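Take a look at the structure set out below.
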């Protein structure tokens, strides 16, 4: 939808966008004692400050690199599959695989967004599926790398003011979910996003594009769980997520993440950080309830996860 008037020969166009908002946790605490750039009395002082830079800047740099690599891996051309298809179907296959995900950097976080306007692409659920895979992987991998993060996925309208710069209700809503609802290392998914996926899953059309959207919508919905507070989140420890995303790396990522959670929980207990203690206790329970099949030696406790 084109809206407003031309400003400097640029037309604003409002569309519905799916937004993933990711926030790297702990950065505020890391900068608590920082201020002016210090004066260096010696080379040792300079090197000590470089250590501070590495501790505060490197995590967000690593997050950006990991995010770019994950998006690239998910949307990598499936050349081997394409070559197996009849030549007259390859164009349809290419349109099915098309994604238009953009990245907007946001201080100590990241924003991924994609337009879901009907005219943009034949299979918009492919972009949502890529976002689900990327956000869930970042949350899971972040714990193993001792870089906990939280995030949210939502859908609403917005305007791309400039290339790679989105503004509007979609960004505000996703930020609200991330900052007020996510609370601890998880990726919450809004009801609007679920309603959008459900609409594609119920689509009665039988053409190739509709069927592909339906399959991916069903897969996205299967990767959701309902948390104790009633909100839906990316269930990255679930079997559906493992089958589609983490695969053979799942047990290793689980062990590394659980090791960090246990160590961080002990530190939080020692420092008597009440708010974090409750959050990490819940996170710890989530991991204990969903060990990889390879780790199960007796019946494990369960919490509600997965959707019909």
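For each of 121, 223, count neighbouring Cβ atoms within 10 Å of the residue's Cβ, then give the residues from fewest to most. Don't skip to the answer; put the middle values down first.
On the way: 121 20, 223 25.
Listed from fewest to most nearby Cβ atoms, that is 121, 223.
Per 0.36 nm of contour for each residue apart, how much would the distance between residue 295 and residue 215 grow if the chain were fully extended, relative to their Cα-Cα spacing? Walk me through the numbers on the way to the answer.
Values: separation 80, 0.36 × 80 = 28.80 nm, distance 3.04 nm.
Additional length available on full extension: 25.8 nm.
Quick check on the stretch 182-263: take the gyration tensor over C-alpha atoms, sort the square-rooted eigenvalues as a ≥ b ≥ c, and tell me if it's rounded (a/c under 1.5), prolate or oblate.
Numbers: a/c = 4.20, a/b = 1.70, b/c = 2.47.
Oblate, because a/c is 1.5 or more while a/b does not exceed b/c.
Would you order 161, 253, 224 from fewest to most other beta-carbon atoms within 10 Å of each residue's own beta-carbon?
On the way: 161 12, 253 20, 224 23.
Placing the least packed residue first, the sequence is 161, 253, 224.
R0 = 25 Å: FRET efficiency of residue 243 with residue 205, Cβ-based, nearest 0.05?
The formula returns an efficiency of 0.40 here.
What ranking of 146, 242, 39 emerges when the number of other C-beta atoms within 10 Å of each C-beta is taken as an exposure proxy, fewest first? List each step's numbers first, then the result.
Numbers: 146 14, 242 23, 39 7.
So the residues, fewest neighbours to most, are 39, 146, 242.
Stretched out fully, how many nm does the piece from residue 103 to residue 162 gain, at 0.36 nm a residue minus the Cα gap? Mind dumping the intermediate values first?
Values: separation 59, 0.36 × 59 = 21.24 nm, distance 1.24 nm.
Net length gain for the segment: 20.0 nm.
Cα gyration tensor of the stretch 107-242, axes a ≥ b ≥ c as square roots of the eigenvalues: rounded (a/c below 1.5), prolate (a/b > b/c) or oblate?
Working: a/c = 1.78, a/b = 1.22, b/c = 1.46.
Taking the square roots of the gyration eigenvalues as a ≥ b ≥ c, the stretch 107-242 is oblate.
Within the stretch 214-239, what residues put their amide N at less than 19 Å from the label point 7 Å along the Cα-to-Cβ vector of residue 284?
Residues passing the 19 Å test: 228.
Any read-out appearing in this document is the output of simple, stated calculations on the displayed coordinates, not a laboratory observation. All figures in this text were calculated on a predicted structure; none of them were measured in a lab. Every residue, glycine among them, receives a Cβ derived from its backbone with ideal geometry; neighbour counts consider all protein chains shown.
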